[in-house]
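Student: There's a structure below that I have some questions on.
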Amino acid sequence: VQSTQYTVLDVSESCRAKRWDGRNRVGCALLTRASLALFAALVCLASSPIARAADLSVQATISAKRPYLGDTVVLQIAVEQSVEKPPEIDTTGLESLGAKQLGEPAFGHQRTIINGVSSEKFTYQFRFQFTPSKVGPLKIPAVTVRQGKQTAATTPIEIEVVGPEAQDTALLELA
């Protein structure tokens, strides 16, 4: 549950407390109206979608750079953005690897307030699993992520799938 707290300065109270004379009541009323207009403008600006750019960054990590043939490899894609809505992720390139998504994406939220300026970051982590089917170099293609009109892509990752080591001798047992 998120809660936001605002502090409103009631200028009209301070005007009454100082017992302004008739001349200054007009100035006090103007000050009150200006304060309310400024406050309303700040609230609109803070809640405006235009004020919040959908910053988007994506990074991919792999569980092993040199997996053995038959080992399971896990690809993790971390998406960091400034809006809460889950991003669209294009995994068509991973289909050639036989990658399957592991469960639902993990979600994280961070709110930072520095000198009265609030910023938020939302993180989604997607995990995919696949098993390499042949020995040698394997290129994991870039994965594209979309949030609204913005797109970002991971860097392709190269791994080296290692096969079993050659043996000089073989043991044969006869029964």
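Student: Compute, for residue 114, the solvent-accessible surface of its heavy atoms (probe 1.4 Å) with the complete set of protein chains present, and express it in square angstrom to the nearest 10.
Tutor: 110 Å²
Student: Cα to Cα, under 29 Å, and not fewer than 8 places away if on the same chain: which lysines meet these conditions relative to residue 139?
Tutor: Here the lysines satisfying the reach criterion relative to residue 139 are 65, 100, 149.
Student: Determine the sum of side-chain charges near residue 128: Lys and Arg each +1, Asp and Glu each -1, restricted to other residues whose C-beta is under 14 angstrom from that of residue 128.
Tutor: Value of the local net charge: -1.
The values are calculated or read from the model by the stated rules, or taken from the named source; none is laboratory data. Remember, predicted model here, so these are calculated numbers, not experimental data. Note that each Cβ is placed from the backbone with ideal geometry, even for glycine, and that neighbours are counted across all protein chains shown. Ligands, DNA and RNA are excluded from the accessible area calculation, which covers all protein heavy atoms including side chains. Shrake-Rupley method; radii C 1.70, N 1.55, O 1.52, S 1.80 Å.
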